[in-house]
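Single-structure report; data block below.
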Amino acid sequence: MKILVSDPLADEGLEILKAEHDVDVNTGLSEDELVSIIPGYDALVIRSGTKVTEKIINAADRLKIVGRAGVGVDNIDVPAATRKGIIVANTPEGNTISAAEHTIAMMLALSRNVAQANASLKAGKWERKLFTGSEVRGKVLGTIGLGRVGIGVVKRAQGLEMKIIAYDPFIPKQRAKELGIELVDLETVLKKSDYITVHTPLTDETRGMVSDSQFEMMKPGVRIINCARGGVIDEDALVRAVNKNQIAGAALDVFVNEPPTGSQLLDLDRVIVTPHLGASTAEAQVAVAVDVADQVLS
């Protein structure tokens, strides 16, 4: 099998692929460059950087599988791949812990003004009173989406003695009960939560699901975190909500455009941003690399 790896992949995954197959590592390719070389490959291994468009898929005469080292497959034209009989595989478990921990870190950073206080002190100021924070113990965490990462966040938040409510139309009530989660509708999550965290894929149904009308439902002082997919939260609406003091703050690890060059979100002191670090731990990088190698070769 001839395999193209078009995004950086941990050595542990590459070693598995190279043990018995011909592997080329060629990163940073444009769409046209991929179109020109993809006819020579049986498998394509990517992360989030490569966009596997219909144009690329149509040129892939030998391609049998696209392996995504990570969870989301919104950078792959899945319908086009399906029409051509190409398998699309992802690695939903490899970065679960990493993404869940990053979500909790972002929530705590919001509640204690960590980023703002750090910037202030490094600027030579000593502003203890300005950065009075809020404890999370006893607060309501509203989770939108209860997949692997969402559940991972819930378990860690329960350890912080938070009350959990969640919206997920696909999880059985009995499963939610076993996890100690009160399953409610989306409106209830928006109205009752002190913190809201988003854990849904980006689809036509979830794109912009948190927008102006949803922000208007939220209680004063709410803080919102998105470590899932850019676009689930309407970024323009978020800017308006922060500027109108409808919410206390936001923490974002994902954006509609990455990097979010020129985004107004970068100018807001009450918005904490990180450059899509949810899966960026050494452990997660190895796990997804090994998982995607196993998927491609299975």
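The values are calculated or read from the model by the stated rules, or taken from the named source; none is laboratory data. As the structure is a computational prediction, the values presented were derived from the model and not from experiment. Here the Cβ positions follow ideal geometry from the backbone for every residue, glycine too, while neighbour counts run over all protein chains shown.
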Just for helices (runs of 4 or more DSSP H) wholly inside the stretch 196-298: which have at least 1 residues that are of a type in the set (Ser, Thr, Tyr) and under 29 Å from ILE171 (Cα atoms)? 212-217
Return yes or no: is ASP77 acidic (Asp, Glu) and under 30 Å from GLU283 (Cα atoms)? yes
Can you tell me which of GLU54, GLU101 is closer than 30 Å to ILE272 by Cα, in contact with a helix residue (DSSP H, G or I) (Cβ under 8 Å, 6 or more places away or on another chain) and either touching a residue at least 24 places away in the same chain (Cβ under 8 Å) or of a type outside the set (Val, Ile, Thr) (or both)? GLU101
Residues within the stretch 28-48 that are surrounded by 14 or more Cβ atoms within 10 Å (Cβ to Cβ) and farther than 17 Å from ALA60 by Cβ, tallied: 2
Within the group VAL154, VAL149, VAL136, which residue is in a loop (DSSP other than H, G, I, E, B) and of a type in the set (A, V, I, L, M, F, W, C)? VAL136
Screening VAL149, VAL140, VAL153 for residues that are in the same structural domain as LYS219 (by TED's automatic domain parsing), more than 19 Å from GLY278 (Cα to Cα), of a type in the set (Val, Ile, Thr) and touching a residue at least 40 places away in the same chain (Cβ under 8 Å) leaves only VAL140
Which ones in the stretch 255-285 are on the phi < 0 side of the Ramachandran plot and more than 18 Å from the chain's Cα centre (by Cα)? THR261, SER263, GLN264, LEU266, ASP267, LEU268, ASP269, ARG270
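Being closer than 25 Å to GLY147 by Cβ and surrounded by fewer than 21 Cβ atoms within 10 Å (Cβ to Cβ) is true for just one of GLU187, GLU216. Which residue is that?
Exactly one residue qualifies, and that residue is GLU187.
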Which residues, taken from the stretch 150-199, are in contact with a Lys or Arg (Cβ under 7 Å, 6 or more places away or on another chain) and hydroxyl-bearing (Ser, Thr, Tyr)? TYR195
Those residues of the stretch 124-144 which are farther than 15 Å from LYS155 by Cα and either in contact with a strand residue (DSSP E or B) (Cβ under 9 Å, 6 or more places away or on another chain) or among the hydrophobic types (A, V, I, L, M, F, W, C) (or both), in sequence order: TRP126, LEU130, PHE131, SER134
If you go through the stretch 64-121 one residue at a time, how many are hydroxyl-bearing (Ser, Thr, Tyr) and under 19 Å from the mean Cα position of the chain (by Cα)? 4
Listed by first then second residue, the pairs whose first member lies in the stretch 58-72 and is over 29 Å from ARG148 (Cβ atoms), whose partner is in a loop (DSSP other than H, G, I, E, B) and not hydrophobic (A, V, I, L, M, F, W, C), with beta carbons under 6 Å and at least 6 positions apart or on separate chains, are ARG62/ASP42
Scan the stretch 237-286 residue by residue and report those that are without any contact (Cβ under 8 Å) to a residue 12 or more places away in the chain and farther than 23 Å from PHE131 by Cβ. THR261, GLY262, ALA282
Looking at GLY208, GLY159, can you tell me which residue is within 24 Å of LEU265 (Cβ to Cβ) and of a type outside the set (Asp, Glu)? GLY208
